[in-house]
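Here's the structure we're looking at; comments come further down.
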Amino acid sequence: MVRPVVRGKFLFVGDRKFYLRGVTYGPFQPTNEGCEYHDQKTVEADFAAMARRRINAVRLYTVPPRWLLDIAQGHGLRVMIGMPWEQHVAFLDDRRRPRQIIQRLGAMIQPIANHPAILAYAIGNEIPASIVRWHGPAKVERFLHRLYKTVKRGDPSALVTYVNFPTTEYLNLPFLDFAAFNVYLESPEKLTAYLSKLHSHAGDRPVIMAELGLDSLRHGQEAQAHTLHWQIRTAFESACAGLFVFSWTDEWHRGGADITDWAFGLTTRQRQPKPALQSVADAFTGIPFSNHRDWPRISVIVCSYNGARTIGDCCQGILSLKYPNIEVIVVDDGSRDSVGPIAHSYGFKVIRQLNAGLSSARNTGMEAATGEILVYLDDDARPDPDWLHYLAHTFMTTHHVAVGGPNLPPVGDGMIADCVANAPGGPLHVLITDQVAEHIPGCNFAVRREALMAVGGFDPQFRIAGDDVDLCWRLQEQGWTIGFSPGAMVWHHRRNSIDAYLRQQRNYGRAEAMLENKWPWKYNAAGHIPWSGRIYGRGKLETFQRRRGHIYQGIWGTAPFQSMYQSPPGLVSSLPLMPEWYLIIFALASLSVMSVFWPHLWPAPPLLAIALAAPIMQALMGAAHASFVNSSTNRMALADKYLITAWLHLLQPIVRFHGRLRGGLHPLRPRGATRFRLPRRRRITVWHEEWSPPEKHLETVETNLERHNAAVRRGGEWDSWDLRVSGGLLGGARLRMALEEHGQGKQQLCFALWPTWSAIALGLIVMLGVLGAAALADGAWIVGSILAGSSLGLGLKALTETGSAIAAMIEAIDPSRRKGTRKQEGTK
């Protein structure tokens, strides 16, 4: 019997995916010898009955004798072993107790270590919320990490988990091999939503239900059977890697007494089957999805340009798909290698075109496809066998027009690819909620054909990158939503050389500039996309802000579901992550040079040292959070990986910024209208003969601004202004509207406009001006001229930006003003 391993969101035995179909077992009243699992004859009968019902795993709450594992192995059952210790008390208050617990766990492992029937060790089960609250989450997390390392030392090839529950879901335990939760929810909608939340917590790791069930004593045996059936189907359809039904029998012994006031078992205490046993066996058939569905036709489209190195692996993965209703189209975008012949050898339809870029190739595939769902897969990605089932299930159970899933780095791509997988700038997804996405990467992108056709397909101007972001925005602009399916997993090869990675980041920077030119209102003044959702995946840039957020615990810590809420990073903590930070470094370096000629600039060198240290610290933080899929036991090799990852974190913003600059995207770029109006407060009135609601008038102004590529943003619920236009990093303008009703549907709109300046920009202009004047007064003419000139230049730039924003607003309120027609205007 080969032990399972973790690969992405699932467990595998060899090359075969392994779904856990388990039940919990015991503990029972101890025998005279202290065994909590009766005798070998009883266990033999129970395990044989389990195997006949398609059960392949057993969860124990205490460490069993080795003979029990031998019996499990004989029936093809894998065992998850609970490691009992005094987690119900304040175990960290006594300094001796943690050491004693660790020593006992090490001793427990020795008699059973390396047994092939062992699935995993659970280093704890539901530490009470009050105990976690007493010690603080960080201390509990550190102690669980010590237990994890103890188990790994005793049995290195075993999987290790901790069984959590909703009351302490906020515990951050990234070192575990998979996430395990005890969850008892009695409606499919609530269970589906909570499992989506658990997948967001678990990230790239599998999620396993360590307990689910229903008490037949209170609800009845028929209700138990019905509930367990839909709980099991929901768990697997929600991409769980497995589950344990609580429990095999009503017999249970805990705390020195038999438990008689509930009956969660699939069998009675006398091992007589309940209706739930057959219901569970039926639910375990055809997982993760039933084969009796009418699955929609899917067209898998692979676009490739010189991708012969990886297209074979991609095609082999497509051949392994279990989906019944599929066509495959490979679009060869003018490749100079053997992409076409390789794809032909797998029997796929190949369309060759002259090289026109990625978006054009994707549109070619769209036009040739016959499926109602189009699924785009990169030529360097290999899908999981159940990939299309999870995508199709999400389409069939929601109204999303597009769905994506995780793209994970495969094992064995080499050291550099492993480091690149943990470097920033990778293909990450952005989630608004646990089920709704703001952005999904194009390497694993499914869309309804009619929706894609309705928005005109992909934009051909995006030849290398940016097409997926643009399409997501256009779909959302129609009022449609995008979904995320954690089980729709593909293995996506990362760049296997540093040069290739840096070229990719440079191209991404150019694509960002193209996107900003098309969607200027999506970008902030500094030239970045302020995502509404949260970015998930490896390689995220780590900020200096406090990592742990606020935990909702309820009054006196009594909330049954306790979650962590964390505000997004602020400007100060995010600045060192931005490419523009290097402009700050350049400015401080210039001031440091000038301090040689004018000593009063002495603070510049220490500030320069701090500015240089910030990205280095960020890079080290990013490397410290790396998770290597092919980690070596060689400490030197592992240290090399961390150093390379830190180096990539340091280089990526510079290279990305270079690409953005080449595309014209920089903080001082002109935004919106190129006309200029004196930046002063203005009042404009416009007469309307036909009545419209006030929001309709504002939407018209907003549309006019966007039509002229102005970067416009709506005011929020707490703002006293309605629209804001950014003229650039230094200044912009705001607008507020009032509506006068004049009877018979006639209206007069009153618009107040006023310029706004960045406080940081104003402070910088004043500071440079004062320093320049002081340097000139000291006779440092060159330094004074440079500083005063910089102040004057920034001042003129701020004036230009606010003036262009005012001009854009005036033209959006009344387009006739572009032709010189006068309306009533005044100052306020």
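The values are calculated or read from the model by the stated rules, or taken from the named source; none is laboratory data. Here the structure is a predicted model, which means the values were calculated and not measured. When we count neighbours, we look across all protein chains shown, and the Cβ atoms used for this are built from the backbone with ideal geometry, even at glycine. All accessible areas refer to the heavy atoms of the entire protein, side chains included, with ligands and DNA or RNA removed. Shrake-Rupley method; radii C 1.70, N 1.55, O 1.52, S 1.80 Å.
Please label the shape of segment 440-514 as rounded, prolate or oblate, based on the square roots a ≥ b ≥ c of the eigenvalues of the alpha-carbon gyration tensor (a/c under 1.5 means rounded; beyond that, a/b larger than b/c means prolate, else oblate). It is oblate, given that a/c is not under 1.5 and a/b is not larger than b/c. Taking the charge dipole of the chain about its Cα centre, with +1 at Lys and Arg Cβ atoms and -1 at Asp and Glu Cβ atoms, the residue from 178, 387, 531 reaching farthest to the positive side is 531. Just check segment 1-117 against the gyration tensor rule for me: Cα atoms, a ≥ b ≥ c as the square roots of the eigenvalues, rounded for a/c under 1.5, and otherwise prolate or oblate depending on whether a/b exceeds b/c. Here segment 1-117 falls in the oblate category.
Three principal axis extents describe the C-alpha atoms of segment 183-241; from largest down they are 38, 19, 15 Å.
Working note: 222 nm ellipticity from helices only, DSSP H runs with n ≥ 4, each -39,500 (n - 2.57), summed and divided by the residues of the chain, gives -12500 deg cm²/dmol to the nearest 500.
Shown for segment 605-663: the carbon plus sulfur share of the solvent-accessible area, taken with all protein chains present and a 1.4 angstrom probe, equals 68%.
With respect to the chain, whose longest principal axis is taken over its alpha-carbon atoms, helix 581-594 is tilted by about 50°.
Shown in residue order for segment 13-29 are the 3J(HN,Hα) couplings computed by the Karplus curve 6.51 cos²θ - 1.76 cosθ + 1.60 at θ = phi - 60°: 10, x, 9, 9, 5, 10, 8, 6, 10, x, 9, 8, 9, x, x, 10, 4 Hz (x for Gly and Pro). Shown for segment 362-463: the carbon plus sulfur share of the solvent-accessible area, taken with all protein chains present and a 1.4 angstrom probe, equals 51%. In order along segment 97-111, the Karplus-derived 3J(HN,Hα) couplings, from 6.51 cos²θ - 1.76 cosθ + 1.60 at θ = phi - 60°, round to 4, x, 5, 5, 4, 4, 5, 5, 4, x, 6, 5, 6, 3, x Hz, and Gly and Pro are given as x. Using only Cα atoms, find the angle between the long axis of helix 40-52 and the longest principal axis of the chain, and express it within 0 to 90 degrees, rounded to the nearest 10. Helix 40-52 and the main axis of the chain meet at about 50 degrees. Considering all C-alpha pairs of segment 727-819, those separated by over 20 Å amount to 54%.
When the square roots of the Cα gyration tensor eigenvalues are ordered a ≥ b ≥ c, the ratio a/c for segment 333-489 is under 1.5, which makes its shape rounded. Relative contact order of segment 380-438, taken over Cα pairs closer than 8 Å and 6 or more residues apart, is 18 percent. Of the solvent-accessible surface of segment 53-181, computed with a 1.4 Å probe over protein heavy atoms with every protein chain present, carbon and sulfur atoms account for 50 percent. Across the options 678, 788, 321, the greatest Cα extent toward the positive end of the charge dipole of the chain (unit charges at beta carbon of Lys, Arg, Asp, Glu) belongs to 788.
In the full protein context, segment 239-307 carries 38 Å² of accessible surface per residue, based on a 1.4 Å probe and ignoring ligands, DNA and RNA. Remark: segment 414-431, residue by residue, has Karplus-estimated 3J(HN,Hα) of x, 4, 5, 4, 5, 5, 4, 4, 9, 8, x, x, x, x, 9, 9, 10, 10 Hz, where x stands for each Gly or Pro and the curve is 6.51 cos²θ - 1.76 cosθ + 1.60 at θ = phi - 60°. Ranking 145, 731, 397 by how far each Cα lies toward the positive end of the dipole of the chain (charges on Cβ) leaves 731 at the top.
Stokes-Einstein diffusion for segment 477-541 at 25 °C, viscosity 0.890 mPa s, with a Kirkwood radius from C-alpha pairs, works out to 164 µm²/s.
Charges were assigned to the Cβ only: +1 to each Lys and Arg, -1 to each Asp and Glu. The resulting dipole of segment 136-214 about its Cα centre is roughly 460 debye.
A 1.4 Å probe run over the protein chains yields, for segment 635-694, 57 Å² of accessible area per residue, whole-number rounding. A 1.4 Å probe run over the protein chains yields, for segment 336-437, 35 Å² of accessible area per residue, whole-number rounding. Pairs of alpha carbons in the chain separated by more than 37 Å make up 54% of all such pairs. Restricting the calculation to Cα atoms, segment 669-763 yields a radius of gyration followed by a Dmax of 14.6, 51 Å. The orientation-averaged projected area of the convex hull spanned by the Cα atoms of segment 1-46 comes to 4.8 nm². Here the average projected area of the convex hull drawn through the C-alpha atoms of segment 335-424 stands at 8.3 nm². Summary of packing: across the peptides 322-332, 796-806, the per-residue average of other C-beta atoms within 10 Å ranks them, highest first, as 796-806, 322-332. Compared with the alpha-carbon gap, the fully stretched path from residue 222 to residue 738 is longer by 179.4 nm at 0.36 nm per residue. Excluding residues fewer than 8 places away in the same chain, name every one of the aspartates and glutamates whose C-alpha is closer than 18 Å to that of residue 152. Residue 152 reaches 141, 177. For segment 381-465, the dipole from Cβ point charges (+1 on Lys and Arg, -1 on Asp and Glu) about the Cα centre works out to 240 debye, to the nearest 20. Taking the Cα atoms only, what angle lies between the long axis of helix 498-518 and the longest principal axis of the chain, rounded to 10 degrees? In the chain, helix 498-518 runs at an angle near 60 degrees to the longest axis.
Using C-alpha pairs below 8 Å separated by at least 6 residues, the relative contact order for the chain is 9 percent. Counting only Cβ charges, +1 for Lys and Arg and -1 for Asp and Glu, the dipole size of the chain around its Cα centre is about 1780 debye. Under the criterion of Cα pairs below 8 Å and six or more residues apart, the relative contact order for segment 140-278 equals 19 percent. Annotation for segment 335-397: trypsin sites (Lys or Arg not before Pro) lying in DSSP loop with at most 14 further Cβ atoms inside 10 Å of their Cβ are 336.
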